[in-house]
Amino acid sequence: MDEHNNVYYGARELGDSGTVMRSVIQNRIHQLSGQYTQWFSDVNGDVYVKKDVYTVTPLYRCGMLIARLDTPYLRSLLGVDLLAERTGNSVLLTAQGDPVLISGSMSYDQALEFYRKHLEDTGTYSDIIQMDGTNYYLQADELQFSWKMMHVIPLEHMLAITMKVSKMNLLICAVIFAFSIPLLFLFSHSLTKGVKRLYKTMNEVSKGRFDIVLRPQSKDEIGMLTQHFGWLVGELKNVTEERINRAMEKQQAEYEMLEVKYRSLQAQVSPHFICNILTTINVMNEMGKTEKVTDLSVLAGRYLRSNLKAVDEKIIVLEKEIEHVEAYLEIYRAVYGDYVKLEKEIPQEVLPLAVPNMILQPLVENALMHGGIHHGEVCRLTLQAEISDEWLFLRLGDNGNGIEPSLLAELNHATPDVSFDKKLKGFGLKGVIQRLRFLYGSNHHFEITSSGSGTQIVIQLPAQPYPSDDTLPNGLPSPHAAAGTP
């Protein structure tokens, strides 16, 4: 276009028409002066650039050169369409603030308004703004020659993108998690299978099972640990069996020694008691009391035969033990006088239960010998038996003077090999305590309570029926059973 507004048109292709360009120039003719270089666009979004043309001599403006650019190529080169597709609206602004390229739904006037309100006096800028009741995220980046690239993103659209990305990330995590769970389970199972198997074996070994054969199923650290533990179990089994055998042998020897003492004391009964029986028989014979001599002789013979027969019996029924006590008291009354009274509370259901032989008679004899009953006084003995919670309770009491507190404490806390007071040496209390603790171990209770008005002994044993074999309560065979004697 020359200085007289004559338009000269040139095109890259022959079919290109200059009508559109001529119309754009005529509509903007009044805006195309005053600037040497000017960029602008038409309503169709095509981009134009205007350059003033000057003569060299003399120097004056002789017209202008207006060129329409290849807008699609320019948009592709700058990536405006791609930015708009991702962010909403993108605008390329000149240094004077004129929108040149607009992508998205934003109009030329809206872009110009955004620029004038927020970017006219600034360079790089980002903020959340509100326009026409809508919130936008505005970001502007300054380019070369003070040009700007403005991105206007509706906040709702921006959050939607964020949510979309979050959902996508969540979906990816869910897929990864879904695939990792079975893999993790398989890995964990293979890793912990050996540990669980080893732990289970350890629990069995802790319960005393040393016959478990443990073979490693892998060559890793768990397999090595399993192999070493299997070796340890084997060694522990050998050591335990050896110690058990030694303990059984020692326990058997101790019981045999105790049994020898017991038989010796049981066979002796009480020499003083036997002498008194013979003296009484002699006195009655001299007095001509032939019938009483006969009765006493029969009672003494029956008692002594029963005493000798019981030497080979370790465990008897309670009924038989009570009969033995009654036989002893019957002879005692015949020899020393009828001042001893026995009161019994024995229910029928306890009579068939198993008790150690000669467990009550020594206690009765001890009460009569050391109870402190003066001549002429009535000696009252009480014998009770009951079952409670699978336990058999035997209670023997007297109305004597009782036991000294120091001696009573010694008796209640005595060990099987304790040395008792001289008054209690022999078969009495010591023999009963020793036999109970050997036969029942900790599975029994023996207690003596005493006051100035009498003494009571409580024996607590497992309520067990009479055994069909000759096995002792502690699991050991009796000496004569082990030797094969009847």
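The values are calculated or read from the model by the stated rules, or taken from the named source; none is laboratory data. On a predicted model such as this, the values are computed, not experimentally measured, just so you know. Cβ sites come from the backbone with ideal geometry, for glycine too, and all protein chains shown count toward neighbours. The accessibility values were calculated without ligands, DNA or RNA, using every heavy atom of the protein model including side chains. Shrake-Rupley method; radii C 1.70, N 1.55, O 1.52, S 1.80 Å.
Backbone phi angles across the range 350-363, fed through the Karplus curve with coefficients 6.51, -1.76 and 1.60 (θ = phi - 60°), yield HN-Hα couplings of 8, 4, x, 6, 8, 9, x, 5, 6, 9, 9, 4, x, 5 Hz in residue order; Gly and Pro are listed as x.
The reciprocal of the average 1/r between distinct C-alpha atoms defines the Kirkwood hydrodynamic radius, which for the range 327-373 equals 12.5 Å.
Residue separation of E343 and F177 scaled by 0.36 nm, minus their Cα-Cα distance, works out to 51.5 nm of gained length. Ranking T290, T192 by solvent-accessible area of protein heavy atoms (1.4 Å probe, all protein chains present), from largest to smallest, gives T290, T192. Ranked by the mean number of other Cβ atoms within 10 Å per residue, highest first, peptides 358-367, 39-48, 244-253 order as 358-367, 39-48, 244-253. When nucleic acids and ligands are ignored and a 1.4 Å probe is applied, D121 ends up with an accessible area of around 140 Å². Amide H contacts of V100 (H built 1.01 Å from N, in plane; Pro and chain starts excluded): L92, L93, T94 sit under 5 Å, all sequence-distant by 5 or more or on other chains.
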